[in-house]
Amino acid sequence: MTRLRVLPLLLCAAYASSALAAADERAGTVWNEEVAGDLANSGTSPTVLALGLGSNLLIGRTGRTAGVVDRDYFSFTLPEGWQLDTLSVLPGTTAVGTSGLSFIAVQAGSQVTVSPTGGSAAGLLGWMHYGENDVGTDILQIMGFGGGAIGFTGSLPAGSYAFWIQDTGTGVANYRFDFGVSAVPEPAAGWLMLAGAAGLLAWRRRSA
Ligand SMILES: [Ca+2]
């Protein structure tokens, strides 16, 4: 009887510890324009970023100075077994112009080929207008509902993605984003969890 009680608990503990180990791999700051310089201004040759599992901070600025809009383009590739779960707007994010909103978009692949002045979202995976009111919000799913875009729901799976950020208002708009990347639960871990849950259920039935 003792073995039956302990086994499911051990299985659950094993699953929990593997999940915690994955969460511990926090990547930190992936790009800070103040330190690393301005992100690429061209969608077809974006700055290539290397994201890690966990938190990936992106700090930069856009806006219009002396009549020139500073557009920021970057891309990254999520290897097999990884996914992008969240895109959080962090404190320090500001927008300029009359709308008080900046623009962020994502296109599948390693380039943004959609024209920044074309006025059409066709070809984009998703987009959104964000501002100070979105601080503390995970906007990934909202981007997936961007009108005129291909759209997506849930996490973005393994693959390459190119992002485009801009604020065409006059002045400097700061942005701070956190890209939350996780490892897709391995089938083995899933089976382990199911086995643990089944064992627990059997144990509770026996107890009752
Ligand atoms: Ca910039």
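Scan region 32-46 for residues that are assigned to a strand (DSSP E or B) and near the ligand (Cβ under 10 Å from one of its atoms) and the total you get is 1. Kindly establish whether Arg205 is surrounded by fewer than 20 Cβ atoms within 10 Å (Cβ to Cβ), charged (D, E, K, R) and modelled with pLDDT of 95 or more. Here the answer is no, as Arg205 does not meet what is asked.
For the structure I just gave you, tell me whether Leu51 is assigned to a strand (DSSP E or B) and of a type in the set (A, V, I, L, M). For Leu51, the condition - assigned to a strand (DSSP E or B) and of a type in the set (A, V, I, L, M) - is not met.
Of all residues in region 62-92, those satisfying the criterion of being more than 30 Å from Pro187 (Cα to Cα) and crowded, with 19+ Cβ neighbours inside 10 Å are Thr62, Gly63, Asp70, Arg71, Asp72, Tyr73, Phe74, Val89. Starting from residues that are under 22 Å from Leu101 (Cβ atoms) and among the β-branched types (Val, Ile, Thr), keep the ones in region 151-194 and report whichever is surrounded by the most Cβ atoms within 10 Å (Cβ to Cβ). Ranking the candidates gives Ile165 first. Only residues that are part of a helix (DSSP H, G or I) and either hydrophobic (A, V, I, L, M, F, W, C) or modelled with pLDDT of 80 or more (or both) were counted across region 165-198, and they come to 9.
Would a scan of region 116-127 turn up a residue that is out of contact with any strand residue (DSSP E or B) (no Cβ under 7 Å at 6 or more places or on another chain), of a type in the set (Ser, Thr, Tyr) and within 26 Å of Thr170 (Cα to Cα)? Within region 116-127, one or more residues are out of contact with any strand residue (DSSP E or B) (no Cβ under 7 Å at 6 or more places or on another chain), of a type in the set (Ser, Thr, Tyr) and within 26 Å of Thr170 (Cα to Cα). Summed over region 155-187, the residues that are among the small types (Gly, Ala, Ser) and more than 20 Å from Tyr130 (Cβ to Cβ) give a count of 5. Any chance region 127-150 includes a residue that's under 22 Å from Ser45 (Cβ atoms), modelled with pLDDT of 95 or more and not in a loop (DSSP other than H, G, I, E, B)? Checked against the condition, which is being under 22 Å from Ser45 (Cβ atoms), modelled with pLDDT of 95 or more and not in a loop (DSSP other than H, G, I, E, B), region 127-150 yields at least one hit. The set of residues in region 65-110 being touching an Asp or Glu at 6+ places or on another chain (Cβ under 6 Å), away from the ligand (no atom under 16 Å from the Cβ) and part of a strand (DSSP E or B) consists of Thr86, Ser88, Val89.
The values are calculated or read from the model by the stated rules, or taken from the named source; none is laboratory data. Computed from a predicted structure; not experimentally measured. Backbone-built Cβ (ideal geometry, glycine too); neighbour counts: all protein chains shown.
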